[in-house]
Structure formats: C-alpha cells, structure tokens
C-alpha cells in the first residue's frame, strides 16, 4: 500500500521540518482566523519557501471571499487550495478556474448522505477529503473527532480522496486496514495542545503510515 500523507495546520519551521523529514507529501496552512491553527500570511510565505520539490503546499480556506483568496494566493507560494466550508459546486469551479490550481473539497461526515454529496462535485474538485462532522464544535474541522469509517467501505470516487478526522499515530494503521484512501490527513492528532504541533507525534504518525 502506498498512501500519501498530509500534515495540516503547520505554523512553525520545527513542525514543517518534522513533516518534510518524515516523508509527508502535503503540508497544510490554515487561513481561517477562528481556528487555533490559523497562520499569518507573512509566516506562511516564509514556511512555503522552505518546502522541497515533491512536497505540496495546501492553503485551507472556509467559505473564502475573493479578497481573502487574493490576499493569500497573491503572496504565498501555494500549490493546492482546500475548501473546507459550504462552498457550492459553482463556487468551487469559479475558484479553480480563477487560480488555475488543483482544488481539494472537504466533506464533513456523519452519515452516508454526507458522503453522497460528493457526487455533486465530480468533475469539478480534484480531490475529496472526508472529515468528521463536528458535534458541538465551533470549527469545521480539526476537532479530533472520528466518524464511522465503515461508511466509506467499498466506495469508489472518480478523483483521489483523503481520509481525515481524528486520526492519530495510534489509530491510522487500523484505519488503513479498513479503507484504501489515496492519502490520510492529520491535524489535531499530532498536537501537544490545541493548535500547537508536536514534532515527535508528527514523526510517529508518518512512521506508522510508512510502515504499511
């Protein structure tokens, strides 16, 4: 099994280096001020310049305005856009066409109908991300919650997809024993405190995936 990894919510050179050294293929920068993982544009610009060839930078937005997108994408070296809000297929297409880069569309999951929604974005989004639907949370993702992975068992999509939501160094092997995503995406599962990455946990998570 060859599964790519994405470490999301990077804010420091130390966390970025741990992700790079461990073999992460994607690193995510969060541009959503309510999130404890939100990163300043100037900081993200410096971090993105540290990325080697083969590691792709992903900018995460939640229902962004054109002004928000331009403020980031006009200054930070970004390879992919992640949309983690209620963006419609039309809006996703607009953003993809305007910035001419791949778009990842995230879907919060609690039941099968949440997964079915992804079909509306077929032929538009380049990747799907299936994350846990927050319960009593003020953020659309990064809550550490896990959804029922069996909802994705046997599912096939016309684009590559990432499994997200509550993954940790301890449970990612179990998730990959049940499912065959193209990539796994982790944020809260490699933190020492909310919003603060733990370099040792990043290395442990990547080691657990690479061992498969």
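Looking only at residues in segment 95-116 that are more than 14 Å from the chain's Cα centre (by Cα) and surrounded by 14 or more Cβ atoms within 10 Å (Cβ to Cβ), which one is farthest from residue 162 (Cα to Cα)? Here the residue is 99. Summed over segment 188-208, the residues that are under 22 Å from residue 2 (Cβ atoms) and either over 16 Å from the mean Cα position of the chain (by Cα) or assigned to a loop (DSSP other than H, G, I, E, B) (or both) give a count of 4.
Selection of segment 26-49 for residues being farther than 18 Å from residue 70 by Cα and surrounded by 15 or more Cβ atoms within 10 Å (Cβ to Cβ) yields 26, 27, 35, 36, 37, 47.
Restricting attention to segment 153-166 and to residues that are farther than 21 Å from residue 28 by Cβ and in contact (Cβ under 8 Å) with a residue 12 or more places away in the chain, the residue that is surrounded by the most Cβ atoms within 10 Å (Cβ to Cβ) turns out to be 155. Report yes if residue 72 is within 19 Å of the chain's Cα centre (by Cα) and within 23 Å of residue 24 (Cβ to Cβ), otherwise no. It is true that residue 72 is within 19 Å of the chain's Cα centre (by Cα) and within 23 Å of residue 24 (Cβ to Cβ). Just to verify a result, which residue in segment 167-187, among those that are part of a loop (DSSP other than H, G, I, E, B) and in contact (Cβ under 8 Å) with a residue 40 or more places away in the chain, is nearest to residue 60 (Cα to Cα)? Among those residues, the one meeting the criterion is 187. Among the conditions (1) at positive phi; (2) surrounded by fewer than 18 Cβ atoms within 10 Å (Cβ to Cβ), the only one that residue 192 does not satisfy is (1). Checking segment 13-23 against the condition returns a match, with at least one residue being buried (at least 17 other Cβ atoms within 10 Å of the Cβ), closer than 23 Å to residue 132 by Cβ and touching a helix residue (DSSP H, G or I) at 6+ places or on another chain (Cβ under 8 Å).
No lab work stands behind these numbers, since they all come straight from the coordinates. Model, not experiment: these values are computed from the prediction. Using ideal geometry, Cβ is built from the backbone for each residue, glycine included, and neighbour counts are taken over all protein chains shown.
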